[in-house]
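As structure tokens, the structure follows; a few thoughts come after it.
The values are calculated or read from the model by the stated rules, or taken from the named source; none is laboratory data. Given the structure is predicted, the values throughout are model-derived calculations rather than measurements. FYI the Cβ positions are ideal-geometry reconstructions off the backbone, even for glycines, and counts take in every protein chain you see. The accessibility values were calculated without ligands, DNA or RNA, using every heavy atom of the protein model including side chains. Shrake-Rupley method; radii C 1.70, N 1.55, O 1.52, S 1.80 Å.
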Amino acid sequence: MFIEQPYVFLRWLYPHALWRMSRKKKAVFLTFDDGPIPEATPYILDILDRYGVKATFFMVGDNVRKYPDLYEMVVSRGHRVGNHTFNHISGFRHSNDEYIANAEKANRLLKTNLFRPPHGWMRLLQFRLLSKHYRVVMWDVVTRDYSRHVSAEQVVRNVRKYTRNGSIITFHDSLKSIRKLETALPESIEWLKAQGYEFKLLE
């Protein structure tokens, strides 16, 4: 649970970051990290279209540079875009100036007010500086679809076990996750719909 659903005290590290939406509404917010890439993003978009679901894609700027058509595809289908830095860098391994510059470089392509730090961590000063210009979005549920130790069935199990009202659920449009998502994503969406959850976009 430490990974799949962060403990409350971890959320205190980044005050005012968005971890979960309103608990009063039976709604969830799907997000995808690390794309866009041709091996994963188009398939995910087709699945979302099939079920009439909109999501937020936190994109790596360099991937957008390489695949601008995929960026346009995501936007044209009514999904939201977020900043995930230009090179998917860790805030702890780079200076504050380097990290902020990398995020700004990405945003020249992404043009968004949403930011999610790779790996879910960054220095507190980096957080404070970025919060002046972005809504920093974390998550309430990490499906762990990226892990080679987690099967497609376990991805679905994580969604079922940890989702609650207002959950921001994180999947990945990446090479590490796509084979699992071919079954886990539609199964997760079908289960969420069966439970009466509404799918909403982050704002």
- So which of Lys66/Lys176; Lys25/Lys54; Lys105/Lys200 end up more than 21 Å apart by C-alpha? Lys105/Lys200
- Message: How much accessible area per residue does the chain have, counting only protein heavy atoms and a probe of 1.4 Å, in square angstrom?
- Response: 48 Å²
- Query: Tell me, what % of the accessible area of region 140-203 is carbon and sulfur with a 1.4 angstrom probe?
  - Reply: 43 percent
- Low-density loop chymotrypsin sites (Phe, Trp or Tyr not before Pro), region 1-68, at most 12 other Cβ within 10 Å, DSSP non-H/G/I/E/B, are Phe2, Tyr7, Trp12
- Of the GluC sites (Glu not before Pro) in region 13-98, which ones lie in a loop per DSSP and count no more than 13 other C-beta atoms within 10 Å? Glu39
- Using modelled backbone amide H atoms (1.01 Å from N, in-plane), which distant-in-sequence or interchain residues come within less than 5 Å of His172's amide H? Asp33
- Just flag the trypsin sites (Lys or Arg not before Pro) in region 63-115 sitting in loop per DSSP whose Cβ has no more than 13 other Cβ atoms within 10 Å. Arg77, Lys111
- Summing -39500 (n - 2.57) over every DSSP H run of at least 4 residues in the chain and dividing by its residue count gives a helix-only mean residue ellipticity at 222 nm, to the nearest 500 deg cm²/dmol, of -12000 deg cm²/dmol
- Based on the alpha-carbon gyration tensor of region 68-154 and its eigenvalue square roots a ≥ b ≥ c, which shape applies: rounded if a/c is under 1.5, prolate if not and a/b is larger than b/c, or oblate? oblate
- Whenever you get a sec, compute what percent of the accessible area on region 29-101 sits on carbon and sulfur atoms (1.4 Å probe). 49 percent
- Item | Cα coordinate range in region 45-203, projected on the principal axes (Å, largest first) | 45, 30, 28
